[in-house]
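Below is one structure; the comments refer to it alone.
Bear in mind these aren't lab numbers, they're just calculated from the coordinates by the rules spelled out. Given the structure is predicted, the values throughout are model-derived calculations rather than measurements. Counting neighbours? That spans all protein chains shown, and the Cβs are built from the backbone with ideal geometry, glycine included.
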Amino acid sequence: MRCGDVLDTVYGAEDVFPLRKRLGMAFHIILCGHCAVRLNVYKETRSLLRTGFFPPSPDFSNAIMNSICHETFDTRTGDPVFETSGFSTRGWVIAGIAMLLSLVTAFFGQDFAMFQDASFLLPLGIITGMAITSYGALFIGSHLKELSERFKL
């Protein structure tokens, strides 16, 4: 038997072979070190996938319930009070402006001259728009209370 025939037979079937074919494959695997190594790797991979390949999912329920129990409420309105991350609004705005300037000035670089094709501009425009939109959504979502107090909404 050839190496390709042995490996195709092993990879394609579920250990159901006639006796003559099993003996031929066993003889080939004894003599061919390459096929023996490939067969051992295949067997180890199959056993790994059958038993414990996927780790158990983490249990977040206790952590979530503890954070709900320790949640503080505003005495005047009864609304929950959320902790701020310590990253000020000014820091968010400065980082956003720096990101916007770096995205806009990318069009004026020397390397960009090579990519003047229209097929490159569409993905770049989509990625730029997604980055600015995502950053704006994160900024508004994390500072919603501050913004509503500042603009009296």
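Given the peptides 35-43, 145-153, 97-105, arrange them by the average over their residues of other C-beta atoms within 10 Å, most packed first. If you can, show how the numbers build up before the last one.
On the way: 35-43: 13.7, 145-153: 9.6, 97-105: 11.6.
Result, highest mean Cβ count within 10 Å first: 35-43, 97-105, 145-153.
Through the Karplus equation 6.51 cos²θ - 1.76 cosθ + 1.60, θ set to phi - 60°, convert the phi angles of segment 143-153 into ³J(HN,Hα) values in whole Hz; use x for Gly and Pro.
Couplings: 10, 4, 5, 4, 5, 5, 5, 5, 9, 6, 9 Hz.
Could you order the peptides 56-64, 130-138 from most to least packed, using the average number of other C-beta atoms within 10 Å per residue?
Per-residue Cβ counts within 10 Å, averaged per peptide and sorted highest first, yield 130-138, 56-64.
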